[in-house]
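Report on the following structure.
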Amino acid sequence: MDIVLLVKAAVMGIVEGLTEFLPISSTGHLILAGSLLGFDDAKAKVFDIAIQTGAIFAVILVYWQKIHSTVVALPRQPKARRLALNIVIGFLPAVVLGLLFGKMIKAHLFIPTVVASTFIIGGFIILWAEKRPPGSVRVEHVDDMTPWDALKVGLVQCFAMIPGTSRSGSTIIGGMLLGLSRQAATDFSFFLAIPTLIGAGAYSLYKERALLSVADIPMFTVGLAFSFISAWLCVRWLLKYISTHNFIPFAWYRIAFGIVVLATAWTGAVVWAE
């Protein structure tokens, strides 16, 4: 058993769990962390996608009561059926565009300098969104969303295919700009993550199954476990945070972090693996 490899898997799991649901891009952080750790070969890329499932299990646990009540109420409550339909509608754009452009994006954009650049751009977008004059909120609760709302958020989520953009940032900030309350946008972002990330993980494991073996089970188990624990803590904290705070601190973090990565890459202070 390679202890160093398991430590790297644990670190990557923690990075995934802490960043998946914050508007700072888990994929971007995993690319940077993998570059620093030398954990960036083809198998590591499959690992990065697969351990997102651990983070999703944390969301399912936190939202279990809502998920359970919705599933039970599907046969008799239109509100429950509408939420389920909205999740499916929001999920479909990522499936279509992911199948069409996913391979090309991974081949050309999954590099530290691209991640740093999108960190900075995304940070300024969050600042712009948060500093706009308060507009009218059309949708206060996730149950009040229409299929059209869900489709628009699903299309916005597709921007997260570009590493460093942030899936949660795209859906939460995008949802707010589209008229959802901060709470409704956050809740729908979490619900939308369940099929999106589980589907991406399952598809990646199936597609790259030739790279994997039984010997990889401990590495994946450690990554999933640490991803689950750190995501559970992060989601619980974020739900409390958004009740009284905005996302401006995350915007400045993105900008500062992106500048540091670009500066170290240009000066040669850090050799970021491409």
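The values are calculated or read from the model by the stated rules, or taken from the named source; none is laboratory data. Since we're looking at a predicted model, the values are computed, not measured. Cβ: placed from backbone, ideal geometry, glycine included. Neighbour counts: every protein chain shown. Only protein heavy atoms, including side chains, enter the accessible area calculation; ligands, DNA and RNA are left aside. Shrake-Rupley method; radii C 1.70, N 1.55, O 1.52, S 1.80 Å.
Counting only protein heavy atoms, what percent of the accessible surface of the chain is carbon or sulfur at a 1.4 Å probe?
Heavy-atom surface of the chain belonging to carbon and sulfur, 1.4 Å probe: 72 percent.
How much area per residue is accessible in the chain when the probe is 1.4 Å and only protein heavy atoms are counted (Å²)?
Details: 13240 Å² over 274 residues.
On a per-residue basis, 48 Å².
Can you give me the angle between helix 78-109 and the longest principal axis of the chain, using Cα atoms only, in degrees from 0 to 90, rounded to the nearest 10?
Relative to the chain, helix 78-109 is tipped by roughly 30 degrees.
Pairs of Cα atoms under 8 Å, at least six residues apart: use those to get the relative contact order of the chain, whole percent.
Numbers: 413 pairs, mean separation 107.1, N = 274.
The normalised contact order for the chain reaches 39 percent.
Can you tell me the dipole magnitude for the chain around its Cα centre, using point charges on the Cβ only (Lys, Arg +1; Asp, Glu -1), in Debye to the nearest 20?
The calculation lands at about 640 debye.
Could you tell me the calculated FRET efficiency between Leu74 and Trp266, based on Cβ-Cβ distance and R0 = 45 angstrom, to the nearest 0.05?
Details: r = 54 Å, r/R0 = 1.20.
That pair, Leu74 with Trp266, gives E of 0.25.
Give the relative contact order (percent, whole number) for segment 28-178; include only Cα pairs under 8 Å separated by 6+ residues. Mind dumping the intermediate values first?
On the way: 114 pairs, mean separation 46.7, N = 151.
Value for segment 28-178: 31 percent.
Find how much the distance from Val95 to Ile198 grows on full extension, using 0.36 nm per residue of separation minus their present alpha carbon separation; answer in nm with one decimal.
35.9 nm
On alpha carbon coordinates alone, what is the Rg over Rh value for segment 50-196, Rh being the Kirkwood radius? Before the final figure, lay out the partial values.
Numbers: Rg = 15.9 Å, Rh = 16.1 Å.
Rg divided by Rh gives 0.98.
Tell me, what ³J(HN,Hα) does each residue in segment 166-176 have, in order and in whole Hz, if you take phi through Karplus 6.51 cos²θ - 1.76 cosθ + 1.60 with θ = phi - 60° and put x for Gly and Pro?
5, 5, 5, x, 4, 6, 6, 5, x, x, 5
Could you work out the mean projected area of the convex hull around the alpha carbons of the chain, in square nanometres to one decimal?
Projected area, direction-averaged: 14.6 nm².
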